[in-house]
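Comments concern the structure below.
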Amino acid sequence: MKIKTVLVAALSAGSVFAQSPKDVLDARIQFFGEMIRPTSITVQAGTKDQADRSAGLGIRFMGEIASARNWYYEVGGKLDSSSQMALNNGVVDLTDIKITHSYWSLGAGYLAPLGSRVSLGFHLEARGEALSAQGAIFQNGVITGRVDASNTYLRPWARVSLDGTWNWGNFRPYVGVDVAGTPVKTTQTQLQALSSMDNRTLRAMAPQVAGSFYLGCHF
């Protein structure tokens, strides 16, 4: 996913929500590192495989809405993160297959103040996710096929965040952690050769939960 897309979306959202409040509103930019793990799928009769965990970097912009204090619009995205499939039973080797995931997001959140420096956040967002699987399939050390599948789709996600702010000269940086999940899951309905992977099977590998650490600044 290209960071230019996120920046354009952020500027567009800012112009839509721009207002002239009497009080100074809070705006935030945060950089995050997010950890995910793709879901396992059946790759052979009676055999499942699952890609390892992966971590990706992202950026998020948040702006407080003048007519609803402590409510924020949010625009962001995560760059590509990837990991390899794990199956290697001495006959079939899928460890060359790389699963890559990225997304852009648009949503809203409520930050409940817990004192003057700590906030507990509840966020709902739509994520435009991109998922791909690429690599060679080996059997007895010989390449028997290649996987080259990709798909994009939109899913709702919910996040819960907790962060703390401190003063550093003229800056107000903050750090936090969050966990996220989605109720939407695609189920694998058929077993087929990975070299001809269909969109449903690929989507069945999409992550269902995520966790991240972030560092940001008020402005």
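The values are calculated or read from the model by the stated rules, or taken from the named source; none is laboratory data. None of the values given here were measured: they were computed from a predicted structure. Cβ sites come from the backbone with ideal geometry, for glycine too, and all protein chains shown count toward neighbours. Surface accessibility is based on the protein's heavy atoms, side chains included, excluding ligands, DNA and RNA. Shrake-Rupley method; radii C 1.70, N 1.55, O 1.52, S 1.80 Å.
Please specify each residue of region 89-108 satisfying the condition of being part of a strand (DSSP E or B) and over 18 Å from Arg37 (Cβ atoms). Within region 89-108, Val92, Asp93, Trp104, Ser105, Leu106, Gly107, Ala108 meet the criteria.
Among the residues of region 38-62, just one is open to solvent by less than 40 Å² (accessible area, probe 1.4 Å), under 21 Å from Phe213 (Cβ atoms) and outside any strand (DSSP E or B), namely Pro38. A single member of Ala86, Ala66 is modelled with pLDDT under 95 and either over 27 Å from Phe31 (Cα atoms) or open to solvent by 20 Å² or more (accessible area, probe 1.4 Å) (or both), and it is Ala66. With respect to being aromatic (Phe, Trp, Tyr), open to solvent by 90 Å² or more (accessible area, probe 1.4 Å), within 23 Å of the chain's Cα centre (by Cα) and under 22 Å from Met62 (Cβ atoms), Phe171 falls outside the description. Inspect all residues belonging to region 109-132 and state whether any of them is open to solvent by less than 20 Å² (accessible area, probe 1.4 Å), within 13 Å of Leu194 (Cα to Cα), at pLDDT 95 or above and not aromatic (Phe, Trp, Tyr). Scanning region 109-132, I find no residue that is open to solvent by less than 20 Å² (accessible area, probe 1.4 Å), within 13 Å of Leu194 (Cα to Cα), at pLDDT 95 or above and not aromatic (Phe, Trp, Tyr), so the answer is no. Considering only region 198-219, how many residues are surrounded by 16 or more Cβ atoms within 10 Å (Cβ to Cβ), in a helix (DSSP H, G or I) and either touching a Lys or Arg at 6+ places or on another chain (Cβ under 6 Å) or not polar (S, T, N, Q) (or both)? Qualifying residue count, region 198-219: 2.
For region 185-196, which residues satisfy the criterion of being open to solvent by less than 60 Å² (accessible area, probe 1.4 Å) and either under 23 Å from the mean Cα position of the chain (by Cα) or without any contact (Cβ under 8 Å) to a residue 12 or more places away in the chain (or both)? Within region 185-196, Thr186, Gln188, Gln192 qualify. Residues that are in contact with a Leu (Cβ under 8 Å, 6 or more places away or on another chain) and either touching a residue at least 60 places away in the same chain (Cβ under 8 Å) or not small (Gly, Ala, Ser) (or both) within region 160-174 comprise Val160, Leu162, Pro173, Tyr174, listed in sequence order. Thr39 fulfils the conditions (1) more than 17 Å from the chain's Cα centre (by Cα); (2) under 20 Å from Gln192 (Cα atoms) except for a single criterion, (1).
The residue pairs whose first member lies in region 104-118 and is under 14 Å from Arg172 (Cβ atoms), whose second member is open to solvent by 60 Å² or more (accessible area, probe 1.4 Å), and whose beta carbons are closer than 7 Å, counting only pairs six or more residues apart or on different chains, are Arg117/Trp166.
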